[in-house]
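We did not get these values from a lab; they are worked out from the coordinates using the rules stated. Here the structure is a predicted model, which means the values were calculated and not measured. Cβ sites come from the backbone with ideal geometry, for glycine too, and all protein chains shown count toward neighbours.
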Amino acid sequence: MKKLQQLLRCRRGGVALMISAAAVPLFLMSALGAEVGSWHLIRRQAQNAADAAAYAGALAVTVGQSATTEGKAYATKNGFCTTGAGCSAPMSGATQSVSVTLDASGTKVTAVVTQNQPKFLASLVLGGGTTPITAQAVAQVQNPEQVCALALTSMKLGGNQNIRGGNCALTANTTVQFASTPTFIGSGWAVDASGGCSPANANCNNPGANVTYNYYQPPTIPPVALTNLELQSFPSGSGNTNCKSASCPPLSPSPNSQGQLTVSNGGIQNLTCPGGATSCTYVFDKIDVKSGGSLTSCATQPTPATVFTCTPNSGVNIVIGSGGLNINGNVNLIANPTNNSKPDLDGVLFYDTEGTSGSPVNVTINGGSNSIYGGAMFFPNVNVTWNGNAASSNHCTMIVANQLNFSGTSDINLDYTGCPATALPKTQIVLLVQ
């Protein structure tokens, strides 16, 4: 009896007994914490996959590919796909789903990644079933810069150029090359490309004072007007106008081709736009302005002394056929901003249809530094070498060409502010906005 009482009063091993009693719930709580912690890890992984899917989908939009297809492919590369249809579950009892959608504006891509995670110890507290772990990301295609010169392939900046204007970009959809050091006059200039600056030299990283650059951005979108014009056909003709004097009869607009126009030394050919005309479209198979010749769009016939100072008429829109364009003389042309018969020519000075995407042709614009090109100039299948121009009164001098080579020692004046929106290219960047 006495020994039993001593045994009951003995405290030896009491701590061990208490620890043993508490060990089970402590272990369960630790295991529950580890399980919940794994959910947070999966959440981070899902967010990475959603970010990648949204960004890849938006990049696909910039090159005309499917945002959904590309986005889901990059989610898969990051370990998330929709369970089934060839996509296995990440673990027993878990399922995944991936949604990548493009909004109605065609600029925002939303990616939603979900993993339904089975509960283990958590089911003792939260009930059975699965816990949805979801992450979402939104990427947006933005158009941050105006463009005043676009090379659909490569661009070369050569010669000893003063590039005047500002608040716009010179952009190439492949590579840009600095063959010399241009001087940018004005603020807000940018030099952009999609395939790098090649060959790499000091100018690549320092194109000019206060000139920004981005050599690996998505391709720039050509103007809507150019895209539409390339789907249209224009007539050809067999006529031949050869202007050799300062008093050549003025030409009138016509929807039919006027054949070949040649302006020789001393000749002044004026293109009229009669008052009340619904369209001032000119179609030529070829234009050849020889050295000393002048091509104008003045309100009245200019003299040799007023070729560059005459009052412009309402403007003209010129379509050039397979014979092409050759300019070695003087030009003072302003584009008509409103073409009622062909609205895609609004604000377009030249639309050159020669060449093909697989076989572009070469054109050199050698006119003097006083020459005025007041409008958007489209040469989609032409490699253009441009040697300079004067500023235009309608504040629209913008060029799109297959390849673009700025050369010579004269000034280049570029200005997009007076061009219609349909005639302007659009740069593209992709940003994660959520």
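Out of the DSSP beta bridges found with both residues in the chain, what percent are antiparallel (nearest 5)?
Percent antiparallel among DSSP bridges in the chain is about 25.
Could you tell me how far the Cα centroid of the range 206-226 sits from the Cα centroid of the range 370-434, in Å?
12 Å
Report the charge-dipole magnitude of the chain in Debye, nearest 20, computed about the Cα centre from +1 at each Lys and Arg Cβ and -1 at each Asp and Glu Cβ.
Value, rounded to 20: 2620 debye.
Restricting things to Cα coordinates, could you compute the convex hull volume per residue of the chain in Å³?
Given the Cα convex hull of the chain, per-residue volume reads 202 Å³.
Rounded to whole Å, give me the distance from the Cα center of the range 291-334 to that of the range 136-161.
About 30 Å separates the Cα centre of the range 291-334 from the one of the range 136-161.
How large is the dipole of the range 266-412 about the Cα centre if only Lys and Arg carry +1 and Asp and Glu carry -1, each at its Cβ, rounded to the nearest 20 debye?
Using Cβ point charges on Lys, Arg, Asp and Glu, the range 266-412 gives about 160 debye.
First select every other residue whose beta carbon is under 14 angstrom from the beta carbon of ASN362; then total the charges, Lys and Arg +1, Asp and Glu -1.
-1
Quick check: net charge around TYR416, other residues with Cβ under 15 Å of its Cβ, Lys/Arg +1 and Asp/Glu -1?
-2
Quickly work out the THR300-to-ALA209 label distance, labels modelled 7 Å from Cα along the C-beta direction, and quote it in nm with one decimal.
So the two model labels end up 4.5 nm from each other.
How much of the DSSP beta bridge set in the range 94-205 is antiparallel, as a percent to the nearest 5?
Antiparallel bridges make up about 55 percent of those DSSP assigns within the range 94-205.
Based on C-alpha coordinates, I'd like the Rg and Dmax of the range 295-389, in Å.
That works out to 13.8, 43 Å for Rg and Dmax.
Among ALA200, ILE185, THR212, which residue has its Cα furthest toward the positive end of the charge dipole of the range 147-428, with +1 on Lys/Arg Cβ and -1 on Asp/Glu Cβ?
Result: ILE185.
With each run of n ≥ 4 DSSP H residues scored as -39500 (n - 2.57), what mean residue ellipticity at 222 nm is computed for the chain after dividing by its residue count and rounding to the nearest 500 deg cm²/dmol?
Estimated from H runs of four or more residues: -6000 deg cm²/dmol.
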